[in-house]
Amino acid sequence: MVELIVPSLGEEEIAAALDVLRSRQLAQGAIVASFESEFAKLLGVRHVVAVNSGTAAVHCALKATGVGEGDEVLTTPFTFAATASAIVMQRGNVRFVDIDPRTYNVDIERYAAAATPATKAIIAVDLFGLPCDWAGADALRARGIAVVEDACQAIGAVRGGKPVGTQCDAAAFSFYATKNIVMGEGGALATNDDAVAASGRLFRQHGQVGDDFTELGYNYRLTEVLAAIGRAQLHRLKAITQARRANAAFYDEQLAGVPGVTLPYAPEGVIHAYHHYAVLIDKATTPNRRDRDDVRSALSERGVGSGVYYRKPLHLQPLFGGPQRTGEFPVAERVAAQVLSLPVHPQLSQADRERVVSAFKSAVGAV
Ligand SMILES: Cc1ncc(COP(=O)(O)O)c(C=O)c1O
């Protein structure tokens, strides 16, 4: 079986975790601090605040940029639930904006057009590893709207020479077990704003200053073992991103022109991190008229894993409205019905990649 997701882990991670265990210092301390400064240096930002999940990082980003009760926050309906549920955690109002059919992201101009005087922030998502385009972000800021980036899927991605997580007021990263860089669970808030970083640090630790609990906070602390694994993972980031991009380039070349199949969009000047290599399958025009789920079953029969991210856009989820909202965001609904992720992880061999290509072509009837 060619698996959809395999993390890149090796002896350096194992040794780093063992060292921490031998030290008996498990709670957030010097290794977390080293991870923070190394990741901040790698991104080129002033501050990184390590937390224990990407969800916690999005929550911290919203709190630290001033989102509170009743504030409207704009985001995409085509993302993982945590992007929007973090808004609910801050008692904000979630307002979705439909996605662009090529990038599956919401671009800043669409956010700017949708924003109202009640809009306090936007959360732009670097979906599947494609960095969003920040042109126009300053105009949003000038309207008093905070610009938050959910970069949970996009570590290593770059646009116009600028790494994801560096062009916004606050960015969130995830190191969940399936991400490009893994800790098992883990996350980070990145920012150039001293006040945002200070607020994130307070929020991560119960709002505690000395003996005082000054405001509501949470236990969002990362552990030393996970930070040690994360430090070792950062050493691999370049190689991981390069391997994913090489796999994607192979698929781009081999699958170009297959009828009914749209390949991932990666414009000039962008380093896509390919957290997912997500294709769209249009049943009406594939040679054998198979839909996405039939193609997925056919791939599985041929020993190739694949995945659906995301089958249901968030406005159709019970938490955010449910089926009565059908039709509100037609592009997100169409993409959710057609999207399929193929294996793109760094452990793929040349034989694996060829197997994926031939299984995929035969699954859609193109051979
Ligand atoms: C876009 C996006 N946002 C937020 C999250 C939440 O991250 P975590 O699972 O680390 O809490 C994830 C990943 O799971 C994600 O893909």
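The values are calculated or read from the model by the stated rules, or taken from the named source; none is laboratory data. What you are looking at is a predicted structure, and each value in this text was computed from that prediction instead of being measured. Here the Cβ positions follow ideal geometry from the backbone for every residue, glycine too, while neighbour counts run over all protein chains shown.
For region 340-349, enumerate the residues that are out of contact with any His (no Cβ under 9 Å at 6 or more places or on another chain) and closer than 18 Å to K283 by Cβ.
Within region 340-349, just L340 meets the criteria.
Considering only region 76-91, I want to know if a residue exists there that is within 15 Å of the ligand (Cβ to nearest atom) and in contact with a Lys or Arg (Cβ under 8 Å, 6 or more places away or on another chain).
Yes: region 76-91 contains one or more residues that are within 15 Å of the ligand (Cβ to nearest atom) and in contact with a Lys or Arg (Cβ under 8 Å, 6 or more places away or on another chain).
Six or more apart or on different chains, Cβ atoms under 6 Å: show the pairs whose first residue is in region 123-141 and at pLDDT 95 or above and whose second is in a helix (DSSP H, G or I) and of a type in the set (S, T, Y).
I123/T83; V125/T83
Limited to region 35-79, what total is found for residues that are farther than 18 Å from A154 by Cα and surrounded by fewer than 16 Cβ atoms within 10 Å (Cβ to Cβ)?
So the answer is 5.
Could we say that V88 is over 16 Å from A146 (Cβ atoms) and touching a strand residue (DSSP E or B) at 6+ places or on another chain (Cβ under 8 Å) here?
Against the criterion (over 16 Å from A146 (Cβ atoms) and touching a strand residue (DSSP E or B) at 6+ places or on another chain (Cβ under 8 Å)), V88 qualifies.
Does S53 satisfy being closer than 23 Å to A198 by Cα, polar (S, T, N, Q), modelled with pLDDT of 95 or more and within 16 Å of the ligand (Cβ to nearest atom)?
Answer is yes for this residue.
Please indicate, with yes or no, whether at least one residue in region 350-359 is of a type in the set (G, A, S) and outside any helix (DSSP H, G or I).
Checking region 350-359: not a single residue is of a type in the set (G, A, S) and outside any helix (DSSP H, G or I).
Out of all the residues in region 213-270, which are within 28 Å of L43 (Cα to Cα), outside any loop (DSSP other than H, G, I, E, B) and of a type in the set (V, I, T)?
V225, I229, I240, T241, V270
Return the residues of region 134-160 that are away from the ligand (no atom under 16 Å from the Cβ) and either under 11 Å from the mean Cα position of the chain (by Cα) or among the aromatic types (F, W, Y) (or both); say none if nothing qualifies.
The answer is W134, and nothing else.
Residues in region 189-210: is at least one within 11 Å of the ligand (Cβ to nearest atom), within 30 Å of A278 (Cβ to Cβ) and buried (at least 16 other Cβ atoms within 10 Å of the Cβ)?
No, region 189-210 contains no residue that is within 11 Å of the ligand (Cβ to nearest atom), within 30 Å of A278 (Cβ to Cβ) and buried (at least 16 other Cβ atoms within 10 Å of the Cβ).
Pairs needed: first member in region 37-55, under 20 Å from K238 (Cα atoms); second member anywhere, more than 12 Å from the ligand (Cβ to nearest atom) and assigned to a loop (DSSP other than H, G, I, E, B); C-beta distance under 8 Å; at least 6 residues apart or different chains.
A40/R46; L43/G165; L43/T166; G44/T166; V45/G165; V45/T166; V45/N192
In this structure, is E215 within 11 Å of the ligand (Cβ to nearest atom), of a type in the set (D, E) and either outside the structural domain of G156 (by TED's automatic domain parsing) or modelled with pLDDT of 95 or more (or both)?
no
Might you let me know whether region 244-265 holds any residue that is over 28 Å from V49 (Cβ atoms), surrounded by 15 or more Cβ atoms within 10 Å (Cβ to Cβ), modelled with pLDDT of 95 or more and basic (K, R)?
Yes, region 244-265 has at least one match.
What number of residues within region 99-110 are outside any helix (DSSP H, G or I) and either surrounded by fewer than 20 Cβ atoms within 10 Å (Cβ to Cβ) or among the β-branched types (V, I, T) (or both)?
Looking only at that region, the number is 7.
Of I31, I14, which residue is more than 16 Å from the ligand (Cβ to nearest atom), touching a residue at least 24 places away in the same chain (Cβ under 8 Å) and over 20 Å from the mean Cα position of the chain (by Cα)?
The match here is I31.
Name every residue in region 111-133 that is over 16 Å from the mean Cα position of the chain (by Cα) and either more than 16 Å from the ligand (Cβ to nearest atom) or in a helix (DSSP H, G or I) (or both), in order of residue number.
Matches in region 111-133: Y111, A112, A113, A114, A115, T116, P117, A118, T119, K120.
Could you run through region 329-367 and say how many residues are closer than 30 Å to Q317 by Cβ and not aliphatic (A, V, I, L, M)?
9
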